[in-house]
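Chemist: Structure incoming, see below.
The values are calculated or read from the model by the stated rules, or taken from the named source; none is laboratory data. The shown structure was predicted, so the numbers you read here are calculated from the model rather than taken from an experiment. Virtual Cβ from ideal backbone geometry, glycine too; neighbours counted across all protein chains shown. What goes into the accessible areas is simple: the full protein's heavy atoms, side chains included, and nothing from ligands, DNA or RNA. Shrake-Rupley method; radii C 1.70, N 1.55, O 1.52, S 1.80 Å.
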Number of protein chains: 2
Amino acid sequence: MPTLEEVARHSGVSRSTVSRVINNDPHVSEETRQKVLQAIAELDYHPNAVARSLAAGHTQIIGLVIPTAVAMLFSDPYFPRLIQGVAAACNASDYSVMLWIGEPEYERRTIHRHLNSGLLDGIIVASAVRDDPVVSALHQSGLPFVMVGRPEDPTISYVDVDNVHGAREAVLHLLRQGYRRIATITGPLNTAAALDRLEGYRMALQSRGIAVDEALIAEGDFTEEGGALAMQQLLPHRPDALFCASDTMAQGAMRTIRAAGLRIPQEMAIVGYDDMPFAPNLEPPLTTVRQPIERMGQEAVALLLDLLAHPDDGPHHLVLPTELIIRASTARS
Amino acid sequence: MPTLEEVARHSGVSRSTVSRVINNDPHVSEETRQKVLQAIAELDYHPNAVARSLAAGHTQIIGLVIPTAVAMLFSDPYFPRLIQGVAAACNASDYSVMLWIGEPEYERRTIHRHLNSGLLDGIIVASAVRDDPVVSALHQSGLPFVMVGRPEDPTISYVDVDNVHGAREAVLHLLRQGYRRIATITGPLNTAAALDRLEGYRMALQSRGIAVDEALIAEGDFTEEGGALAMQQLLPHRPDALFCASDTMAQGAMRTIRAAGLRIPQEMAIVGYDDMPFAPNLEPPLTTVRQPIERMGQEAVALLLDLLAHPDDGPHHLVLPTELIIRASTARS
DNA sequence: TGAGCGTATGAGAGCGCTCCCAATCACGAA
DNA sequence: TTCGTGATTGGGAGCGCTCTCATACGCTCA
């Protein structure tokens, strides 16, 4: 593995000059630049990222933390898409992504060790639950970071989708279709997304003068099984429509509904959330709220890079719009 | 951020000694060790990973390359689970994971730049297609690497599942149930997994003296849509059973089958592959071949670390067993 | 012709750590 | 007492690069 030094010797210039051409410093004559470039090609030289980071004081690496419980990663295409978005944006900006999946047994010491190792220039935290220890550790470490999903603390930069609005539109659609006893299966209520969607549900009903019946609200956990279970609680209260805080839970709820002998959408309309790839293939195809997951990842990177460039700026908050995708599961025939 | 130097001053010993206690060198008196440990705690010192890497010549970082086309990441839980396995195993061994999602536009130069930057101690390549440029680049870079999924070149270390055997068992099950005109939807035939599963299909038929009808073989692309399309090709040839090289494609095929008015499994039995989370929830629940995806990730890390420790060992090949999960989609009633 | 200025280049001091080698010391053996 | 021995500790030379500063070399302009 050739070094800067060797390239310098080979092309008859100093280390500094080679460094300049590598870093595209304009203060190099065209002639010298060519000479150096040729030496680089001949020796097949590649700068050593580690040495470069040590000298420069930054690594061009950002961390992507996914502190969610292990189980969700398995079935939910949310994270792959988010990762995809983050990776794409990083590649485009010459950053690398260090993946860090928060295992439950990770305790404070390990977290700190990673955060303070100087390996990361910044961090993106995906979908933390409330009071996540990673977030507080991050906060006191002083490392720049942005969250995907609104945190409690407004001084933190984040990008999120407009969950309240998305949920409200979904429920309003149900209302417009003439449904009146609308139930909801929420996500785990220690997440901001679940809370916001529930809030949207309430707002929609209230805006039409319909009292919220707490018996029509069941808490799920974003899993298929959890959706099926929650639906069992809901069924005795005879709702005529359902707003689910995730497509995955909607899928589970549909199973329960069918098992109870009810027809969708004639006897029970359903709206999901996420517009997962399987949503159009369900029986019947699922009306749902699409959110720009991948774009969130990209915007999170953009925000973080901005934060790295201008550390003194206040926190940035970016809220992306959602889109209601209407399919057969809410078609009052 | 305090440095080694400061810890040394603060505890009244030399840099070397502090370095020793950090690295658990036994040649330090208990008394000194305590003194240093205390200074470390008081200053809240954390070693700088970058400086350490530069001096030590290795980074404790491994790369996880996913060169597959973007689309698959979206719908397929395969990668999340693999990532999960890799991350877990790395954490357990004090390594970090650098994620590298191969965008199509990544050309040779970029690949080389990453491989030769010295940032990575080793690499795990997930599911490369045949003649993937990343693999050849990796080969000539001299970086230790292992693949997930059997490569053509036997000198490369890999871990894989026994795809031939898994497919054979699946088709034999169909045969045992009395089905005779068994069709198959393969994966893209430029991947080893698809080829191996097709091979298992052929072997099963031949072992029962049944001639392979090429009209009953359709190539898919591991997507739901691809499965639906492939099934349309197959239908005119009147198969009575189907072996799908992935659950996702099976899902698509079921859609086509149902649209054609055929009942599953009475008029068309189906076996999938992967045992994805949704497989038991399909209508009817899908018989499928389960493979230990997460474990593959773990074993890949184990193999790689072994390779790092013993660079001169020959290539390791590890083939994990599959398991046939029998559900209603093959229940000849 | 020489002062003044801008541009191209080189020198050298780190960045924070590891690791080899030498120095020190205590202690038992000769 | 002297020397060897082994356990501790310190010194110092890098790892490969960046970056500030100083130097040198043209120019232009008076």
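Chemist: Given the structure, is A:T184 among the β-branched types (V, I, T) and not assigned by TED's automatic domain parsing to the domain that holds A:M268? Write out each step before concluding.
Modeler: Details: among the β-branched types (V, I, T): yes; not assigned by TED's automatic domain parsing to the domain that holds A:M268: no.
No: the conditions fail for A:T184.
Chemist: Now for a separate question. Name the single residue that is least open to solvent (accessible area, probe 1.4 Å) among those in the range A:290-333 being under 26 Å from B:A279 (Cβ atoms) and among the β-branched types (V, I, T).
Modeler: Only one residue tops the list, namely A:I293.
Chemist: Here's another thing I want to ask about it. Looking at this structure, is A:I62 modelled with pLDDT of 85 or more, in a strand (DSSP E or B) and more than 9 Å from chain B (Cβ to nearest Cβ)?
Modeler: yes
Chemist: I would also like to ask the following. Taking the residues in the range A:268-284 that are modelled with pLDDT of 95 or more and within 15 Å of A:A331 (Cβ to Cβ) as candidates, determine which candidate is nearest to the chain's Cα centre (by Cα).
Modeler: A:G272
Chemist: When only residues in the range B:30-43 that are within 14 Å of another protein chain (Cβ to nearest Cβ) and of a type outside the set (V, I, T) count, which is nearest to DNA strand C (Cβ to nearest atom)?
Modeler: Among residues in the range B:30-43 that are within 14 Å of another protein chain (Cβ to nearest Cβ) and of a type outside the set (V, I, T), the one nearest to DNA strand C (Cβ to nearest atom) is B:L43.
Chemist: Check whether at least one residue in the range A:165-182 is within 22 Å of A:A302 (Cα to Cα) and in a loop (DSSP other than H, G, I, E, B), and report yes or no.
Modeler: So far as the range A:165-182 goes, no, none of its residues is within 22 Å of A:A302 (Cα to Cα) and in a loop (DSSP other than H, G, I, E, B).
Chemist: Sticking with this one: Out of (1) on the phi < 0 side of the Ramachandran plot; (2) touching an Asp or Glu at 6+ places or on another chain (Cβ under 6 Å), what's the single condition that is false for A:I270?
Modeler: Result: A:I270 passes all but (2).
Chemist: Output the residues belonging to the range B:200-225 that are in a helix (DSSP H, G or I) and either touching a strand residue (DSSP E or B) at 6+ places or on another chain (Cβ under 8 Å) or on the phi > 0 side of the Ramachandran plot (or both).
Modeler: B:Y201, B:L205, B:L216, listed by residue number.
Chemist: Can I ask one more? Can you tell me how many residues within the range B:10-24 are closer than 18 Å to B:A49 by Cα and in a loop (DSSP other than H, G, I, E, B)?
Modeler: Counting residues in the range B:10-24 that are closer than 18 Å to B:A49 by Cα and in a loop (DSSP other than H, G, I, E, B) gives 2.
Chemist: Report yes if A:T191 is closer than 19 Å to A:Q251 by Cα, touching a Lys or Arg at 6+ places or on another chain (Cβ under 9 Å) and touching a residue at least 24 places away in the same chain (Cβ under 8 Å), otherwise no.
Modeler: In short, no.
Chemist: If you check A:S53 against the conditions, is it open to solvent by less than 40 Å² (accessible area, probe 1.4 Å) and within 12 Å of DNA strand C (Cβ to nearest atom)?
Modeler: Taking the combined requirement at face value, the residue satisfies it.
Residue-by-condition table, conditions (1) open to solvent by less than 60 Å² (accessible area, probe 1.4 Å); (2) among the hydroxyl-bearing types (S, T, Y); (3) at pLDDT 90 or above:
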{"site": "B:R20", "(1), (2), (3)": "no, no, yes"}
{"site": "B:A41", "(1), (2), (3)": "no, no, yes"}
{"site": "B:M72", "(1), (2), (3)": "yes, no, no"}
{"site": "B:P80", "(1), (2), (3)": "yes, no, no"}
{"site": "B:S93", "(1), (2), (3)": "yes, yes, yes"}
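Chemist: Suppose we keep only residues that are more than 7 Å from chain A (Cβ to nearest Cβ) and not aliphatic (A, V, I, L, M) within the range B:77-91. Which one would you say is farthest from the chain's Cα centre (by Cα)?
Modeler: Among residues in the range B:77-91 that are more than 7 Å from chain A (Cβ to nearest Cβ) and not aliphatic (A, V, I, L, M), the one farthest from the chain's Cα centre (by Cα) is B:C90.
Chemist: Something else about it: Just one of the numbered conditions (1) away from chain A (no Cβ under 13 Å); (2) of a type in the set (S, T, Y); (3) out of contact with any Ser or Thr (no Cβ under 6 Å at 6 or more places or on another chain) is not true of B:T256; which one?
Modeler: B:T256 satisfies every listed condition except (1).
Chemist: Further question on the same structure: Within the range B:134-177, how many residues turn out to be in contact (Cβ under 8 Å) with a residue 40 or more places away in the chain, over 16 Å from B:P315 (Cβ atoms) and of a type in the set (V, I, T)?
Modeler: 3
Chemist: If you take the residues of the range B:206-217 that are more than 21 Å from B:A192 (Cβ to Cβ) and aliphatic (A, V, I, L, M), which of them is surrounded by the fewest Cβ atoms within 10 Å (Cβ to Cβ)?
Modeler: B:A211
Chemist: Among residues belonging to the range B:262-289 that are open to solvent by 10 Å² or more (accessible area, probe 1.4 Å) and aliphatic (A, V, I, L, M), point out the one that is farthest from the other protein chains (Cβ to nearest Cβ).
Modeler: B:L262
Chemist: Would you please list the contacts, defined by Cβ atoms under 9 Å and residues six or more apart or on different chains, that run from a residue in the range A:209-224 that is free of Cβ contacts under 8 Å to residues at least 12 places away in the same chain to a residue that is of a type in the set (A, V, I, L, M)?
Modeler: From the range A:209-224, the pairs are A:A211/A:L205; A:V212/A:L205.
Chemist: From the list A:H46, A:H27, A:H10, exactly one residue is more than 7 Å from DNA strand C (Cβ to nearest atom), farther than 21 Å from B:H112 by Cα and not aliphatic (A, V, I, L, M). Which is it?
Modeler: A:H10
Chemist: Shifting gears a bit: Is it the case that A:A49 is at the interface with another protein chain (Cβ under 7 Å from one of its Cβ atoms) and at pLDDT below 95?
Modeler: no
Chemist: Quick check on the range B:217-241: of everything there that is within 11 Å of B:A183 (Cα to Cα) and in contact with a helix residue (DSSP H, G or I) (Cβ under 6 Å, 6 or more places away or on another chain), which residue is farthest from the other protein chains (Cβ to nearest Cβ)?
Modeler: So the residue we want is B:H237.
Chemist: Regarding B:A259, is this residue open to solvent by 10 Å² or more (accessible area, probe 1.4 Å), aliphatic (A, V, I, L, M) and modelled with pLDDT under 95?
Modeler: In short, yes.
Residue by residue, here is whether (1) open to solvent by 10 Å² or more (accessible area, probe 1.4 Å); (2) of a type outside the set (V, I, T); (3) in contact with a Phe, Trp or Tyr (Cβ under 7 Å, 6 or more places away or on another chain) holds:
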| site | (1), (2), (3) |
| --- | --- |
| B:E219 | yes, yes, no |
| B:G227 | no, yes, no |
| B:A230 | no, yes, no |
| B:L234 | no, yes, no |
| B:R238 | yes, yes, no |
| B:A245 | no, yes, yes |
| B:A250 | no, yes, no |
| B:R255 | yes, yes, no |
